[in-house]
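The values are calculated or read from the model by the stated rules, or taken from the named source; none is laboratory data. These numbers come from a predicted model, not from an experiment. Reconstructed Cβ throughout: ideal geometry from the backbone, glycine too, with neighbour counts over all protein chains shown. Just so you know, the surface numbers come from the protein's heavy atoms only, side chains and all, with ligands and any DNA or RNA stripped out. Shrake-Rupley method; radii C 1.70, N 1.55, O 1.52, S 1.80 Å.
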Amino acid sequence: MNIMVTGATGEYGNYALQYLKKVMPKRNLYALVRDPQNTTKIEQMGINVRIGDYANLDSLLSAFHGIDRLLFVSTPTPEIQKNVVIAAKVNGITYIAYTSIYRPELNKFGLELNHRQTEKWIEESGIRHTFLRNDWYLEVNQAMFDLAAQTQQFPLLAKDGILSYALKREYAEAGAKIILADNYDGPIANLAGKPYTYRQLAKATESALDQKLNIQDVTKDEFNFIMRQANVSPQFQQVTALYQEYSLDTQNGAAEANSSEFESILGHPLTSLPDAIKSLL
């Protein structure tokens, strides 16, 4: 059985490959890479590399030859994911595990639109599949953790806002286990992490750092000032603020998130929040 992981040079794809190469013959493991100049590290792992670009159907038609199962790592670029589904269908791929988004019927910054469309294409293809409905990566708060480590501050725009998180490597491990499984036949895997408020996130960061932080409620202007003073880039300022503000949306689905299905697929509990934050620092 030949398994391919797309997006192999990205963090999720790399984590999935690192897991798979330990538990299956490397001769049957393939990585899809867009840029031929980025193949060296994967080749050094003993993994087969194929070159293909979601935007280039012909490249995918060639790259997917002989592949049985596809761990399809999504991209936010609209439309081009259809090429992946077409190429999989033409090549007779028998199973797709696609990294979708948790509760795609809800507002997810517009990301849900691309995922809903791609899920529809996969369903219409007739290929057996599992939609890996991943919730948020804990890494979206990386700038907050770095700020706390650097300045001992944790400014809160949304102390009671709730989001559900897990580490990217945990989502990738779940995806890898599902693509390997002979007995996993569910069309949807709800991979929600555990829901936390931003105040709980701040307290867990204190525990991870083993030091007291200045956890304070702030206005948007105060938040941006603190971030600028710490030389956080405008991009990460914006991203961090956006997630805090989004956490206040009572319709974001986080309050109902339950990690039991995720942990059942992993076969072990999710990393505790303080330990997960510590690993990112």
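Structural remarks
- Spin-label pair V90/D221, simplified geometry with 7 Å Cα→Cβ offset, distance in nm: 5.8 nm
- Percent of beta bridges antiparallel (DSSP, the chain, rounded to nearest 5): 10 percent
- Per residue, the accessible area of the chain comes to 45 Å² when a 1.4 Å probe rolls over the protein heavy atoms.
- The slack between R228 and L61, meaning 0.36 nm per residue of separation minus the straight C-alpha distance, is 55.4 nm.
- For region 187-234, the fraction of 1.4 Å probe accessible surface lying on carbon and sulfur atoms is 48 percent.
- In range of the label at E11: residues from region 45-84 whose backbone nitrogen is under 19 Å from the point 7 Å along Cα→Cβ: 72-77
- Averaging 1/r over each pair of different alpha-carbon atoms in region 52-202 and inverting the result gives 16.9 Å, the Kirkwood hydrodynamic radius.
- Listed by chain and number, the lysines whose C-alpha is less than 17 Å from the C-alpha of K89, apart from same-chain residues fewer than 8 away, are K120.
- Label point of S279 set 7 angstrom out along Cα-Cβ; within region 10-26, amide nitrogens under 15 Å from it belong to 11-20.
- Global geometry of region 68-142, whether rounded, prolate or oblate, following the gyration tensor of its Cα atoms and the 1.5 cut on a/c: prolate
- Accessible-area composition of region 18-97, carbon plus sulfur, in percent [1.4 Å probe]: 47 percent
- Region 160-251: relative contact order in percent, alpha carbon pairs under 8 Å with at least 6 residues between: 43 percent
- Each of Q251 and A181 was given a label point 7 Å from its Cα along the Cα-to-Cβ line. The distance between the two points is 3.2 nm.
- Annotation: amide H of I215 within the under-5 Å range of F154, sequence separation 5 or more or interchain, hydrogens built in the peptide plane.
- CD proxy at 222 nm, helix term only [per DSSP H run n ≥ 4: -39500 (n - 2.57); per residue of the chain; nearest 500]: -13000 deg cm²/dmol
- For the pair Q200 and L111, a Förster radius of 25 Å applied to the C-beta separation gives a FRET efficiency near 0.55, rounded to the nearest 0.05.
- Contact order relative to length of the chain, as percent, for alpha carbon pairs under 8 angstrom and 6 or more apart: 18 percent
- Members of K41/K194; K26/K168; K177/K212 lying beyond 28 Å, as alpha-carbon distances in this model show: K41/K194; K177/K212
- Dimensions (Å) - the chain, Cα atoms, principal axes, largest first: 56, 39, 35
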